[in-house]
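J.: Take this structure first; my questions come after.
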Amino acid sequence: MNLNDKTLKLTKLQAEKMAALSLRSAEDVLSYYPSRYDTLNASDYQTWTVKGRVAFEGEVVSAVRSFRFGKNRNVCSFDVSAFGRILHVSIFNRPWAKQIPLNQIITIQGIYNGKDKVTAISYQEKPMSEISAVTPVYSVRSGITQRDVRTVIAKVLNALSGKIEDLIPQNLITGYRLLHREEALRKVHMPESEADVHAAYRTLKYEEFLIFFLMLQMAKQENTVSGKQPKKFDQKKLEQLIASLPYRMTPDQLHSLQDILLDMTSAKAMYRLLQGDVGCGKTLVAALAMYACVLSGYQASLLAPTEILAVQHEESLKKLLEPSGVRIASLYAGMAKKEQEAVLEQLKNGQIDILAGTHSLFQERVEFAKLGLVVADEQHRFGVEQRRQFRAKGREADFLLMSATPIPRTLASTLYGDMDISTIETMPPGRKTVITKAVHENSFRSVLSDVMQLLEEGRQLYVICAAVDKNEEYDARNVHETAQNLKKLFGEKYPVGVLHGRMSSEEKHAVMKAFESGETKVLVSTTVIEVGVNVVNATGMIIYDADRFGMSQIHQLRGRVQRGSGQGYCWLLSGSQDEKALERMKILETTPGGFEISWQDLRLRGPGDILGTRQSGVPDFILGNPVEDTRIIAQARKDAELIFASDDPQYEKLRTYVAHRREEGELPDQG
């Protein structure tokens with residue numbers, strides 16, 4: 001139901017404010033769960049301690065004073081009479097607080113700073129006796145208050161009273177003592193106690209996981225539908241190529257390759273995830289699988305997230321496979337039109353065996369003579385719709401998706417439940433780990449001596465920034481200013497290059513060529529170099545504003561400086577005092593392995609940030625946490641399998657709902 005529907009009785013301004021939070025339907029609003037709950041535990045002034053959390057009621061006895069400072073920051077200050085004394089209250093970045101009237105009875109939650117000074121975290125313009133013991137707190141933006149969100153949610157719940165139907169079948173609601181959906185939504189948004197929140201979360205998490213696993217069952221069914229002919233190839237030729245390698249493959253690489261080859265030689269279309277840490281040798285396994293595909297008389301395609309990586313894949317595949325007669329090319333938007341046309345013609349005529357490219361490969365004009373294998377590098381950038389588009393280009397195609405954000409097998413089976421999984425856990429012999437140092441200052445001077453030593457030894461350096469240009473609304477080091485400052489510092493001795501996503505293809509390739517050749521010694525870049533860029537001599541990396549990046553992303557970035565035998569170094573610069581940010585940096589400093597990093601990232605931030613675009617068309621979790629909710633997950637998985645296999649009419653409504661959501665990518669009306 002759209003928020004402009006008259007039955008909801010929302011004002012135009014209320015609908016506009018919700019749209020600013022990307023809430024456009026009743027379902028959006030009801031699924032906009034609180035980010036936390038404030039529990040109101042009043043305490044007597046005599047028990048207060050400095051830096052301790054406090055909650056109290058008082059009367060505003062001075063006019064509110066408002067001050068602006070820094071970029072878009074402000075503080076409101078006023079005095080409150082409570083406990084027979086005057087308390088001085090400050091509240092930051094709540095400009096609307098200046099409207100609090102004199103003599104207003106107010107309830108404040110905050111931090112006591114000593115000497116009768118309190119920094120308010122939240123406030124309500126009513127006595128404590130009129131406030132719920134548990135108050136939901138929502139994520140909002142400038143110009144939108146907690147009251148705005150709560151008012152709209154209350155209106156939606158009242159308008160849909162008695163009309164919100166259960167998604168969980170009645171027998172499961174009864175069997176697990178769950179709440180009905182309407183009651184759960186009311187208690188999650190309007191709880192009267194912590195027990196209400198717990199009961200609501202228990203129901204809504206189970207519902208979320210049940211829908212998730214039903215979608216996985218449907219995805220599995222879609223993947224198994226195939227009229228594919230088994231691929232047959234000359235095993236001896238593949239073994240000869242493996243024997244000619246200048247190094248021995250690890251047991252995990254060989255085992256993963258065997259998994260893939262068994263899938264390719266079966267009558268079932270392969271849909272497999274190959275996961276492993278940065279530098280574990282996934283690309284070699286994929287290259288050998290593509291060689292087997294070519295030997296069986298089919299073409300292969302390698303999909304890369306960036307043009308830089310597509311060209312790099314083309315070059316590395318040529319070194320490995322061209323001596324065996326394999327014809328390799330690349331295709332991307334930045335190529336000259338004549339070059340593109342020539343590649344397209346050769347591809348259609350079967351004169352290209354392996355094509356590397358970016359999302360340009362999804363275009364209708366890209367026609368394969370006989371597509372047999374699609375490899376997607378960094379699987380979370382390869383969605384279900386793209387998979388369907390490739391299926392249309394080759395009904396015989398197998399799919400191999402690679403991820404350098406590895407997670408433990410048990411967790412992978414939950415998050416990637418519609419795929420078979422191969423994992424490379426062991427690293428090649430002699431591979432060193434990057435030495436990571438957290439620097440609690442966002443300044444180059446902190447690492448200058450280390451960097452100068454690295455450059456004097458003939459090595460190269462990456463400098464990563466979170467922004468391209470200066471932006472008043474995004475206070476972070478940017479590529480252009482940083483590059484200018486470093487050019488002044490290093491002069492002509494250590495040439496500085498610049499790389500970011502807004503540059504043209506020609507500019508990007510020219511910059512990377514200069515860095516790869518050693519002409520450029522320092523490369524100032526955004527995260528465009530995150531995936532796959534391979535410059536062996538670059539052994540140093542500085543990451544400005546490291547608190548703004550996820551741990552898995554930083555682990556990917558630092559993997560760029562350990563591509564050879566030289567010791568890699570990564571300096572994480574941040575002036576943040578946020579406890580969670582400091583915890584993440586400490587974990588990165590002390591944890592070298594990608595499996596543990598991904599696990600910690602999932603624990604701290606949830607799966608959405610780790611996985612990005614859902615590869616299977618299933619939703620991200622809103623309330624559920626796959627690291628913590630293992631018991632609910634196990635039961636929901638079991639129930640989803642039963643529901644999917646059953647023709648019991650009591651499950652039909654849920655199956656229809658899930659099928660609609662999967663096909664349309666949106667929620668059907670719930671009221």
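J.: Just for the stretch 549-588: of the residues that are surrounded by fewer than 19 Cβ atoms within 10 Å (Cβ to Cβ) and in contact with a strand residue (DSSP E or B) (Cβ under 9 Å, 6 or more places away or on another chain), which one is nearest to Arg477 (Cα to Cα)?
T.: Out of the qualifying residues, it is Leu582.
J.: Restricting attention to the stretch 405-444, which residues are touching a helix residue (DSSP H, G or I) at 6+ places or on another chain (Cβ under 7 Å), modelled with pLDDT of 80 or more and among the hydrophobic types (A, V, I, L, M, F, W, C)?
T.: Scanning the stretch 405-444 gives Ile421, Ile424, Val434, Ala438, Val439.
J.: Please determine, by comparing only the residues of the stretch 272-299 that are at pLDDT below 95 and open to solvent by less than 10 Å² (accessible area, probe 1.4 Å), which one is nearest to Gly594 (Cα to Cα).
T.: Gly276
J.: Still on this structure, I have one more. How about the stretch 140-206: which helices (runs of 4 or more DSSP H) wholly inside it have at least 2 residues that are without any contact (Cβ under 8 Å) to a residue 12 or more places away in the chain and surrounded by fewer than 19 Cβ atoms within 10 Å (Cβ to Cβ)?
T.: The qualifying helices (runs of 4 or more DSSP H) are 146-159, 170-176.
J.: Select from the stretch 367-395 the residues that are at pLDDT 75 or above, crowded, with 21+ Cβ neighbours inside 10 Å and not aromatic (Phe, Trp, Tyr) and list them in ascending order.
T.: Hits for the stretch 367-395 are Leu371, Gly372, Leu373, Val374, Val375, Ala376, Asp377.
J.: What number goes with the only condition from (1) open to solvent by 30 Å² or more (accessible area, probe 1.4 Å); (2) in a helix (DSSP H, G or I); (3) in contact (Cβ under 8 Å) with a residue 60 or more places away in the chain that Gln258 does not pass?
T.: Tallying (1) open to solvent by 30 Å² or more (accessible area, probe 1.4 Å); (2) in a helix (DSSP H, G or I); (3) in contact (Cβ under 8 Å) with a residue 60 or more places away in the chain, Gln258 fails exactly one: (3).
J.: State yes or no: is Ser517 modelled with pLDDT of 90 or more and loosely packed, with under 15 Cβ neighbours inside 10 Å?
T.: So Ser517 fits the description; yes.
J.: Here's something else I'd like to know. Output the residues belonging to the stretch 533-546 that are modelled with pLDDT under 90 and either under 20 Å from Lys586 (Cα atoms) or open to solvent by 20 Å² or more (accessible area, probe 1.4 Å) (or both).
T.: Within the stretch 533-546, Asn534, Val536 qualify.
J.: Step by step: first the residues of the stretch 348-366, then only those that are open to solvent by 80 Å² or more (accessible area, probe 1.4 Å) and touching a residue at least 12 places away in the same chain (Cβ under 8 Å), then the one that is nearest to the chain's Cα centre (by Cα). Which residue is that?
T.: So the residue we want is Arg365.
For (1) assigned to a helix (DSSP H, G or I); (2) buried (at least 16 other Cβ atoms within 10 Å of the Cβ); (3) not hydrophobic (A, V, I, L, M, F, W, C), each residue gets a yes or a no:
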{"position": "Thr7", "(1), (2), (3)": "yes, no, yes"}
{"position": "Ala15", "(1), (2), (3)": "yes, yes, no"}
{"position": "Leu23", "(1), (2), (3)": "no, yes, no"}
{"position": "Tyr32", "(1), (2), (3)": "no, yes, yes"}
{"position": "Phe56", "(1), (2), (3)": "no, yes, no"}
{"position": "Phe67", "(1), (2), (3)": "no, no, no"}
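J.: I've got another one for you. In the stretch 302-321, is there at least one residue being among the hydroxyl-bearing types (Ser, Thr, Tyr), crowded, with 19+ Cβ neighbours inside 10 Å and modelled with pLDDT under 95?
T.: Within the stretch 302-321, one or more residues are among the hydroxyl-bearing types (Ser, Thr, Tyr), crowded, with 19+ Cβ neighbours inside 10 Å and modelled with pLDDT under 95.
J.: With the requirement that a residue be free of Cβ contacts under 8 Å to residues at least 40 places away in the same chain, over 20 Å from Thr526 (Cα atoms) and assigned to a helix (DSSP H, G or I), what does the stretch 449-487 give you?
T.: Listed by number, the residues that qualify are Ser449, Met452, Gln453, Glu456.
J.: Is it fair to say Arg431 is open to solvent by 30 Å² or more (accessible area, probe 1.4 Å), under 27 Å from Thr590 (Cα atoms) and either in contact with a Pro (Cβ under 9 Å, 6 or more places away or on another chain) or in a helix (DSSP H, G or I) (or both)? Walk me through how you get there before you give the answer.
T.: Working: open to solvent by 30 Å² or more (accessible area, probe 1.4 Å): yes; under 27 Å from Thr590 (Cα atoms): yes; either in contact with a Pro (Cβ under 9 Å, 6 or more places away or on another chain) or in a helix (DSSP H, G or I) (or both): no.
In short, no.
J.: Still on this structure, please answer the following. Suppose the filter is open to solvent by 20 Å² or more (accessible area, probe 1.4 Å) and not in a helix (DSSP H, G or I); does Glu345 pass it?
T.: So Glu345 does not fit the description; no.
The values are calculated or read from the model by the stated rules, or taken from the named source; none is laboratory data. The structure presented is a predicted model; accordingly, all values stated were derived computationally and were not measured. Counting neighbours? That spans all protein chains shown, and the Cβs are built from the backbone with ideal geometry, glycine included. For accessibility, only protein heavy atoms count, side chains too; no ligands or nucleic acids. Shrake-Rupley method; radii C 1.70, N 1.55, O 1.52, S 1.80 Å.
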